[in-house]
Amino acid sequence: QLETSHGAMHGSFQFETLRAVSGVVPSMFNARVGRLALSPTDSLEQAPCGEPARGDMLPDTSVRATRRVIVGATVERQPERSDEVAGVYRWAYDVQINNARDQAITVVAHRWMTVDADGAVKEINGLGVGGNYRAKEIELPAGDAFRTKGILATATPVGNAWGAYTVRAQTAGGEEVEIDAEVGVVG
């Protein structure tokens, strides 16, 4: 229990696959969490912009679970793809979606929001996974995971991003539902 109702924290996490999926034997990986926004209502919070990570540190990371769909995301500034004169700063994101449900899921849409240091908000959304998959829908068997990568842009060298992936799934009773699997604040 935290003494405060809001704030931010740093730490690490470990994911483990408990059984073979997609022909891969069980494995695990660890990662440093750059910043997680804490909320007393378990809703999306805009974390204050932090200092850029040093070169020997991992990029900002977010991990969120929504109804057993786990989304892990990292974002890293891309100075070589940015144009400071034009006021365009690009960020590479790398997202892994894990299906911890008992049935297959299908990722059918994506949505990203960015806010720059001046408070300008930009929304990017569309059908399919987006990023390197563009409008393609991805079916993910129970216990499996996949990754997608893409680029976001802001008008200032500091900003935040958050989003969600719309996932179609079935309940235990066979009813089809849509889940907004959230990407926590990164940037």
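Just so it is clear, none of the values below were taken in a lab; they were calculated from the coordinates. Since the structure is predicted, the reported quantities are computational estimates derived from the model, not experimental observations.
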What area, in nm² and to one decimal, does the C-alpha convex hull of region 63-127 cast on average over all directions? 5.8 nm²
When 1/r is averaged over all different Cα pairs and the result inverted, which Kirkwood radius in Å belongs to region 131-187? 13.9 Å
